[in-house]
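Here the structure comes first, spelled out in structure tokens, and everything after it is commentary.
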Amino acid sequence: MKAIPNVYDTRQYLDQVKEMLDCIEGQINAFVEALYQAYLQDNLIFLIGNGGSAANASHFGQDLNKGTLAHMATVKRFRAISLTDNTSFITALANDEGYESIFVEQLMNLSGPTDVLIAISGSGNSRNVLKAVEYATNHGMTTIGVSGFDGGVLRNMAGVNIHVPSHDMGLVEAVHGVIFHLAISQLKQRVEQSAA
């Protein structure tokens, strides 16, 4: 049996991860600052995405809520909700209103005009994500786009952007995960310094 060739060898893949991280280094400060301001102002942070981006939204949301705590007795906390996690609401909306409405309808129930929306889309063109960003923008929310590929429509819609310029979806999602963990480390440090 003929072996299937690797698309990347290990070194090549790690070099590409580093190259993508180098490309977005300057974008991270604005991303972290927007999230820190949400913390200071006690705003809700909503996260959305599909597929691997939905998993990243869920993971980053729980890290914002728990991973930024110095200890469990901490009173002032980040307040984050991943709109990818309410399966019954998502499936009801998709069935009755169409899949493009699964995030915007949740925002209509839960968000306020000073809240933050983190929209994660590898292509930057997911209709349900764009519909939610449009709603958030029109209702005074801070919008943060996290994209890959050429950034798609999302890159031009969002107020703050993290754009990983790769057309390899797996690489894009992996780099997004690295960015989110870096942001958590920086936010936890800032929260601890402000409490000292």
Taking first residues from the stretch 165-190 that are free of Cβ contacts under 8 Å to residues at least 12 places away in the same chain and second residues anywhere that are among the hydroxyl-bearing types (Ser, Thr, Tyr) and surrounded by fewer than 18 Cβ atoms within 10 Å (Cβ to Cβ), the pairs with Cβ under 8 Å that are 6 or more apart or on different chains are none
Lone qualifier among GLY98, GLY52, GLY26, GLY61 - being among the small types (Gly, Ala, Ser) and more than 22 Å from GLY152 (Cβ to Cβ) = GLY61
Residue in the stretch 177-196 that is more than 16 Å from the chain's Cα centre (by Cα), outside any helix (DSSP H, G or I) and among the aliphatic types (A, V, I, L, M) present = yes
Could you check ASP22 against (1) loosely packed, with under 11 Cβ neighbours inside 10 Å; (2) at pLDDT 90 or above; (3) within 24 Å of VAL191 (Cα to Cα) and say which number it fails?
-> (3)
List, please: which pairs have Cβ atoms under 6 Å, are six or more places apart or on different chains, and start with a residue in the stretch 137-161 that is free of Cβ contacts under 8 Å to residues at least 24 places away in the same chain and end with one that is of a type in the set (D, E, K, R) and surrounded by fewer than 21 Cβ atoms within 10 Å (Cβ to Cβ)?
-> none
Lone unmet requirement of (1) β-branched (Val, Ile, Thr); (2) farther than 16 Å from ALA38 by Cβ; (3) touching a residue at least 12 places away in the same chain (Cβ under 8 Å) for ILE81 | (2)
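The values are calculated or read from the model by the stated rules, or taken from the named source; none is laboratory data. Computed from a predicted structure; not experimentally measured. Neighbour counts are summed over all protein chains in view; Cβ atoms, including those assigned to glycine, are modelled from backbone coordinates with ideal geometry.
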